[in-house]
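The values are calculated or read from the model by the stated rules, or taken from the named source; none is laboratory data. Computed from a predicted structure; not experimentally measured. Neighbour counts are summed over all protein chains in view; Cβ atoms, including those assigned to glycine, are modelled from backbone coordinates with ideal geometry. Ligands, DNA and RNA are stripped out before the accessible areas are found, and what is left, the full protein with its side chains, is counted by its heavy atoms. Shrake-Rupley method; radii C 1.70, N 1.55, O 1.52, S 1.80 Å.
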Amino acid sequence: MTAKRRVRGSPGGSPGGSPGGSPGGYPFYILDDKHNLVPADLSTWSRWFEEIENRRVGDDLVPHPRPGRPAIRVSTVFLGLGGYGPARAELFETMVFGGSMDQQQEHYITWDDAVEGHQRWLELVRRHADLERKTEDDK
């Protein structure tokens, strides 16, 4: 069964909730070497969070449909912020930087959902950029 995702900035999405407590009273999580959640205190989370490679799920560039503009970035990272338990947490986030989909984002609960979501957003951004490029070419 796939965990529910919360989406911001995309059609049909629902707004996310505000951070709160998590099991054991920890509002923070880190990942073990198999991408499992591990509750952490603020100090542990802060040290672990400093290293981007600990938390990067995906980071890809898509050529902008308009020549001379910076590429569009699709980035998915582990945030490790607890909500009302892991099922309500904004643990992973995909965000689009640039282009007409700038700042659209989606949150996930598991690493596998984040990997799947990153690929889905990457394909969506690519298709959208191709459509914009074709529209520009037809003018």
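In the range 50-72, what residues are in a loop (DSSP other than H, G, I, E, B) and touching a residue at least 12 places away in the same chain (Cβ under 8 Å)?
Listed by number, the residues that qualify are Pro63, His64, Pro65, Arg66, Arg69, Pro70, Ala71.
Just a yes or no: is a residue in the range 90-105 hydroxyl-bearing (Ser, Thr, Tyr), farther than 19 Å from Asp32 by Cβ, modelled with pLDDT of 95 or more and open to solvent by less than 70 Å² (accessible area, probe 1.4 Å)?
yes
Taking only the range 40-64 into account, find how many residues are among the charged types (D, E, K, R), out of contact with any Leu (no Cβ under 9 Å at 6 or more places or on another chain) and either open to solvent by 90 Å² or more (accessible area, probe 1.4 Å) or at pLDDT below 95 (or both).
Final tally of qualifying residues: 5.
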